[in-house]
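The values are calculated or read from the model by the stated rules, or taken from the named source; none is laboratory data. In this text the structure is predicted, and so the values were computed from the model without any measurement. Cβ: placed from backbone, ideal geometry, glycine included. Neighbour counts: every protein chain shown.
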Amino acid sequence: MAVALRDDLLRAWRSVYRLDRALSHSGFAYRRRAHRTTSEDRPIQRGVGRGNGGAGHARGIDRCSTHDGFVNVAVPPLQFLAIPIFDMSLFAPFVGLAIAQRHNPQSHKRWMLLATVNLVPAAIARWPGVLPLGPLAFFGLTDLFVIALAIWDFRARGRLYPVTLWGGLLIIVSQPLRLAVSSTQGWVVFARWATGLLS
């Protein structure tokens, strides 16, 4: 159940993101107005963003509570649970900030992009040969997206945009933090308690 719900929500998120980009980057004024109109009342985006956060937490906890844990991950499941929990804990606020700053196109699109980039490590870790290299590889490859955004800011605007700075910094700082937290006894106790809620 949690798997199907999360997969459906992720598909919905990708569709909403594509629609958002298509409407906002169209050269036609009526499409831009449609984008802004849907921006005024964003129940779909809010629902999908919040649902992804909640379903992501539930999915991670569900995978952790099974006997086999996470597929092809050598780290004990209770420790590895920190990675998807941190992912979802950043995703929902980034989407919320994007919606809150919908009248500021530069901030809005950066928050949307960073929310999506924050989910990329799971996909990159599944690339052939990346997972055995460990978190440094899949987090490092993810950080290239943040670095590319920073380079684009400098080239296009002559300075680093605040959303890029603070959002990108939050993603990058959270990566070693989640690894440090995952190995603490307090985290293992919390993860055991959280997985116990689903059993």
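Worth a mention:
- Filter result for PRO121 (touching a Ser or Thr at 6+ places or on another chain (Cβ under 6 Å), modelled with pLDDT under 90 and of a type outside the set (Phe, Trp, Tyr)): yes
- Top-ranked residue in segment 90-122 [being among the polar types (S, T, N, Q) and not in a helix (DSSP H, G or I); ranked as nearest to THR142 (Cα to Cα)]: ASN118
- Matching option when the condition is in contact with a Gly (Cβ under 6 Å, 6 or more places away or on another chain) and without any contact (Cβ under 8 Å) to a residue 40 or more places away in the chain, among VAL173, VAL146: VAL146
- Within segment 142-189, the only residue that satisfies the criterion of being basic (Lys, Arg) and more than 18 Å from LEU113 (Cβ to Cβ) is ARG178.
- Selection within segment 151-164 - assigned to a helix (DSSP H, G or I) and surrounded by 15 or more Cβ atoms within 10 Å (Cβ to Cβ): ASP153, VAL163, THR164
- Among residues of segment 93-110 that are closer than 19 Å to SER174 by Cα, those with a Cβ under 6 angstrom from a residue that is surrounded by 20 or more Cβ atoms within 10 Å (Cβ to Cβ) and at pLDDT below 90, sequence gap 6+ or separate chain, pair up as VAL95/GLY49.
- For the residues THR195, THR164, THR116, the requirement of being farther than 23 Å from PRO93 by Cβ and touching a residue at least 12 places away in the same chain (Cβ under 8 Å) singles out THR195.
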